[in-house]
Amino acid sequence: MKERLVLVTGANKGIGFGVAKHLGLSGWKVVIGARNEERADQAISELTSLGIDVQGWVNIELADLKNLEQAVEVIKEKYPRLSLLVNNAGIPGDMSVDGEHTEMDVVKETVNVNYIGTFALTKMLIPILEKNDGRIVNVTVPSEVSSYWHPLAYVASKAAQNAMMGVLAMEFQQAGKSLEIFSVHPGPTTTDLNGNMKLPGFHDIETVGQKMTELINDGQNHQGEFIELYPIVKED
Ligand SMILES: NC(=O)c1ccc[n+]([C@@H]2O[C@H](COP(=O)([O-])OP(=O)(O)OC[C@H]3O[C@@H](n4cnc5c(N)ncnc54)[C@H](OP(=O)(O)O)[C@@H]3O)[C@@H](O)[C@H]2O)c1
């Protein structure tokens, strides 16, 4: 029988923590992806105190391909029945400048983490996930450029991640693989990523974690879909 075992990257805080928590409360066994033992342990003790079955944590630093190779070795050995990867970890880049003034270092770092690191981890975990009839869920933003919210480094890195999802979904389908990939836009969510903004239209990590869990558990095939939980709203 398929085991409900999920790895959530960036699960020590923010949306990743909310998703790990609500998937865990709905019966999923949880592996925490984090890049710091202390932060991982803090999340684990909070989750286990709620009765969630946390199987452990894996050190995942998306900016470091060597680290990702080691992480995948650990996953192969300790969690060979992994059936869900939630690609949640990500960085905002610089949201305070316009496109023209975005520093190249920021563009490189943001693309490196949000797209290249996410793709590398996904690519290396595909064999395990396929064996387990698994799924990959990406936490992202729309590729279309919004007229009132358009931080270049961030939206470009996420557009690349969205393209990755589209290509892989099509190829999985064409090859008849028992593997599914789709993307979810949680909508504006109050987290460290945006300085814990609480403007109208923002939601908290509990609401988003719960809604994403309902989506993941809905029994439907979402291959290739881009699903918006909440839209980006105009800041008045
Ligand atoms: N908040 C929003 O409004 C919003 C809206 C749409 C989409 N999203 C997406 O949701 C995801 C989670 O964001 P969030 O708002 O929850 O942000 P957050 O609270 O800042 O959490 C980000 C998580 O990613 C981890 N992370 C950062 N850089 C990493 C790296 N190089 N390698 C591995 N892990 C790394 C962080 O770990 P550390 O604690 O070690 O830094 C943290 O666990 C992101 O992909 C973001 O783009 C957010």
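Values in this text are rule-based calculations from the coordinates and carry no lab data. Remember, it's a predicted structure, so these values are computed and weren't measured experimentally. Here Cβ is always computed from backbone atoms with ideal geometry, including for glycine, and neighbour counts include all displayed protein chains.
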**OP:** Would you mind pulling out the separation of the Cα centroids of the stretch 195-232 and the stretch 1-60, in Å?
**Re:** 18 Å
Original post:
With each pseudo-label sitting 7 Å past Cα toward Cβ, what's the Lys198-Leu65 distance in nm, one decimal?
Top reply: 4.4 nm
Original post:
Over 23 Å between Cα atoms, which of Lys78/Lys123; Lys13/Lys177; Lys13/Lys131; Lys108/Lys158; Lys2/Lys76; Lys13/Lys158 qualify?
Top reply: Lys13/Lys177; Lys13/Lys131
Original post:
Residues with amide H under 5 Å of Thr189's amide H, sequence separation 5 or more or different chain, H placed in the peptide plane at 1.01 Å from N; which?
Top reply: His203
Original post:
What is the Cα coordinate range of the chain on the first, second and third principal axes, sorted by size from largest, in whole angstrom?
Top reply: 50, 42, 35
Original post:
Once amide H atoms are placed 1.01 Å from N in the peptide plane, what residues at a sequence separation of 5 or more from Val8, or on another chain, have their amide H within under 5 Å of its amide H?
Top reply: Val31, Gly33, Val86
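If I take R0 = 41 Å and measure r between the Cβ atoms of His150 and Glu214 in this structure, what FRET efficiency does the formula 1/(1 + (r/R0)^6) give, to the nearest 0.05?
Result of the calculation: an efficiency of 0.85.
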Subject >> DSSP bridge orientation in the chain - percent antiparallel, rounded to nearest 5 >> reply: 0 percent
**OP:** Rounded to the nearest 0.05, what FRET efficiency do Glu228 and Glu100 give with R0 = 22 Å and r taken as the Cβ-Cβ distance? Could you check?
**Re:** 0.20
Original post:
Order of Ser183, Ser26 from fewest to most other C-beta atoms within 10 Å?
Top reply: Ser26, Ser183
Subject >> Where N is the number of residues in the stretch 139-236, Cα Rg divided by 2.2 N^0.38 Å >> reply: 1.17
Original post:
Arranged by the count of other C-beta atoms within 10 angstrom, fewest first, what order do Glu3, Glu69 take?
Top reply: Glu69, Glu3
